[in-house]
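Q: This is the structure I have questions about; it appears just below.
All of the numbers you see were taken from the coordinates with simple rules; none came from a lab. If you're wondering where the values come from, they're calculated on a predicted model, not measured in any experiment. Ideal geometry is used to build each Cβ from the backbone, glycine not excepted, and the neighbour counts take in all protein chains shown.
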Amino acid sequence: MPKIHPMAVVERGAELADDVVVGAFAWIGPHVRLGNGCVVHHHAQIDGHTRVGEANEFFPNSIIGCISQDLKYRGGPCPIIIGSGNRFRENCTVHIGTEDGGGETRIGSDNLIMVGAHIAHDCIIGSHCILANNVMLAGHVVVEDNVVISGGAASHHFVTFGKHSFVGGLTAITRDVPPFMVVEGNPCLIRSVNRNGLRRRGYSDEQIEPLKTAYRLLFKDTTPWITQAVELEKQYPNHPDIQTLLTFLRASMSGKFGRAREALRGRLTRTEEEEEHPHATGN
C-alpha cells in the first residue's frame, strides 16, 4: 500500500503504485497516475491528467499539472507525461498542454528541474537535462537530451535547444540553440563547443575535434555558413555529429526568426509532435 500521510489529500480516482510516499499537506488530483518509487514531499501538488513513471521525486511546493496560461486553452484533458528518475525541486511548475499545441507536455527521464524553474504548455523535454534555478521555458519549447540551461535563462516560444548544448545564466534565448555548443550573453552568442559537457558524457578529445572545426567554420568565419557547410561535409563525410549539427542549422534557417518550430505555429497535432521529436517522448 502507498504510504500516505494522514494530512495529505489523494483524490478518489488517483492511481498510486504500492510503494509511493506522499507527505503531509501534499495534494494528488483524481486523474494522476504515479509509478513505483515516486516520492511526493509535503506541500507538493500534482494535478491534471498527469502520468508519471518510476522513481520521480517532487519536492515541497512543486506544482505539476496546472492548466496552461495560454488563453487559447479550451479546457480539454491535455496530459503531462513524465518518464522516470526525475527530480522536481521546490517551487518549480510544469503546465499541461493545449489542444492546438500538440495536446501534451512531455518530460523524459533523469532530469533535474531546479528551484523555481517553469516548463510551460506543450514543451517537450528530453532526458538527462538540467534546468537550473528560475529557468523559464515558454510554450512549445523543445529541449533535446543532455542539455544544461543555467539559472535565470529564459526562452522564447518555439525555441529548440539542441542536444548537448549549454546555455549561460540570465541568457535570453530567442533563436534555436545549436547542438554541442555553448550559448550565452546579451545578446546571446554562440561562444564555443561545449567541451566540458561532452567530456562528462564520455566524448574523447578526438571525438570533440570535428565539432571544434565546425564551430570555427560555421560560427567564427565570416564566410556564409552554407558555403562553410559544404567544406565541413567534405572534411567529415558522414560524420554523425556533424550531420546532426548541419541538419539542425538547416531546419532553423528554414523556419522563421531562427526557430525551426516557429513554422509549426497554429498547426501542431500530437502526432506531428511525436514524429518531429520521437526521442524526447519520456517513454
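Q: Working out 0.36 nm times the residue gap between Gln207 and Leu71, then minus their Cα-Cα distance, what length gain in nm do you get to one decimal?
A: Separation in residues times 0.36 nm, less the Cα-Cα distance, equals 44.4 nm.
Q: Between helix 240-254 and the chain, what is the angle of the helix's C-alpha long axis to the longest principal axis, kept within 0 to 90° and rounded to the nearest 10?
A: With both axes taken from Cα atoms, the answer is about 80 degrees.
Q: Run the quick spin-label model on Asn238 and Arg265: label points 7 Å from Cα toward the beta carbon, then report their separation in nm to one decimal.
A: Label at Asn238, label at Arg265, 4.1 nm between them.
Q: Most mobile of Pro237, Pro79, Pro60 per a Gaussian network model of the chain (Cα springs, under 10 Å)?
A: Among Pro237, Pro79, Pro60, the largest GNM mean-square fluctuation belongs to Pro237.
Q: Using only alpha carbons, build the gyration tensor for segment 29-140 and give me the equivalent ellipsoid semi-axes, biggest first, whole Å. Could you put the intermediate results ahead of the total?
A: Details: eigenvalues 76, 46, 33 Å².
Value: 19, 15, 13 Å, ordered largest first.
Q: Also, quick follow-up: For Met7 and Arg200, calculate 0.36 nm times their separation in residues minus their Cα-Cα distance, and state this gained length in nm to one decimal.
A: Values: separation 193, 0.36 × 193 = 69.48 nm, distance 4.25 nm.
Fully extending the segment from Met7 to Arg200 adds 65.2 nm.
Q: Once you list every other residue whose beta carbon is under 10 Å from the beta carbon of Gly35, what net charge do they have if Lys and Arg are +1 and Asp and Glu are -1? Spell out each step's value before the answer.
A: Details: positive: Arg33, Arg51; negative: Glu15, Asp19, Glu54.
Combined, the nearby Lys, Arg, Asp and Glu give -1.
Q: Under 11 Å from the 7 Å Cα→Cβ point of Met253, by amide nitrogen: which residues of segment 198-223?
A: Of the residues in segment 198-223, 218 have backbone N under 11 Å from the label point off Met253.
Q: Can you work out the PRE-style zone for Asn133? Point 7 Å along Cα to Cβ, and I want the residues of segment 167-184 with backbone N under 17 Å.
A: Under 17 Å, as judged by backbone N against the label point of Asn133, lie 168-171 of segment 167-184.
Q: Determine the shape class of segment 1-61: with a ≥ b ≥ c the square roots of the Cα gyration tensor eigenvalues, call it rounded for a/c under 1.5, and otherwise prolate if a/b is greater than b/c, oblate otherwise.
A: Numbers: a/c = 1.25, a/b = 1.11, b/c = 1.13.
Rounded is the answer for segment 1-61, as its axis ratio a/c remains below 1.5.
Q: Give me, ordered by chain and number, the residues 5 or more places off Leu16 or on other chains with an amide H under 5 Å from its own placed amide H.
A: Here the answer is Leu34, since their amide H atoms fall under 5 Å of that of Leu16.
Q: With springs connecting C-alpha atoms under 10 Å apart, model the chain as a Gaussian network and identify which of Leu218, Leu112, Leu131 has the largest mean-square fluctuation.
A: It is Leu218.
Q: Separate question: Can you return the aspartates and glutamates within cross-link range of Lys256? Criterion is Cα-Cα under 15 Å, with same-chain partners fewer than 8 residues away left out.
A: By straight Cα distance, Lys256 reaches Asp176.
Q: So which lysines can Lys163 reach, going by Cα to Cα under 17 Å and dropping same-chain residues fewer than 8 places off?
A: Those lysines meeting the cut-off are Lys212.
Q: Less than 12 Å Cβ to Cβ from Ala229, Lys/Arg counted +1 and Asp/Glu -1: what total charge do the surrounding residues give?
A: Details: positive: Lys234, Arg250; negative: Asp221, Glu231, Glu233.
That sum, taken over residues with Cβ under 12 Å, equals -1.
Q: Counting only DSSP beta bridges with both residues in the chain, what percent are antiparallel, rounded to the nearest 5? Don't skip to the end; give the middle numbers.
A: Details: 5 of 58 bridges.
Around 10 percent of the beta bridges assigned by DSSP in the chain are antiparallel ones.
Q: Still on this model: By the gyration tensor of its Cα atoms, with a ≥ b ≥ c the square roots of the eigenvalues, what is the shape of segment 107-151: rounded for a/c under 1.5, prolate for a/b over b/c, or oblate? Show your work: numbers first, answer last.
A: Values: a/c = 1.71, a/b = 1.02, b/c = 1.68.
It is oblate, given that a/c is not under 1.5 and a/b is not larger than b/c.
Q: Would you calculate a helix-derived [θ] at 222 nm for the chain, using -39,500 (n - 2.57) for each DSSP H run of n ≥ 4 and dividing by the full residue count, to the nearest 500?
A: Values: 5 runs with 50 residues, N = 283.
Rounded to the nearest 500, it is -5000 deg cm²/dmol.
Q: Kindly identify the chain as rounded, prolate or oblate by the Cα gyration tensor criterion: order the square roots of the eigenvalues as a ≥ b ≥ c, call it rounded if a/c is under 1.5, otherwise compare a/b with b/c, prolate if a/b is larger, else oblate. List each step's numbers first, then the result.
A: Working: a/c = 2.34, a/b = 1.89, b/c = 1.24.
Note, shape of the chain comes out prolate.
Q: In addition: Given an 8 Å cut-off on Cα distances and at least 6 residues of separation, report the relative contact order of segment 34-78 as a percent.
A: Working: 64 pairs, mean separation 18.4, N = 45.
Relative CO of segment 34-78 lands at 41 percent.
Q: I would also like to ask the following. Tell me, in nm to one decimal, what length is gained between Glu54 and Ala172 on full extension, where the rule is 0.36 nm per residue of separation less the Cα-Cα distance? Before the final figure, lay out each step's value.
A: Working: separation 118, 0.36 × 118 = 42.48 nm, distance 3.34 nm.
Taking Glu54 through Ala172 to full extension adds about 39.1 nm, to one decimal.
Q: Picking from Lys220, Lys212, Lys163, which is most flexible by a Gaussian network model of the chain using Cα springs under 10 Å?
A: Lys220
Q: Excluding Leu218 itself, calculate the net charge of residues whose Cβ lies under 12 Å from the Cβ of Leu218, where each Lys or Arg counts +1 and each Asp or Glu counts -1. Display every interim value, and only then the final one.
A: Working: positive: Lys212, Arg216, Lys220, Arg250; negative: Asp221, Glu231, Glu233.
The answer is +1.
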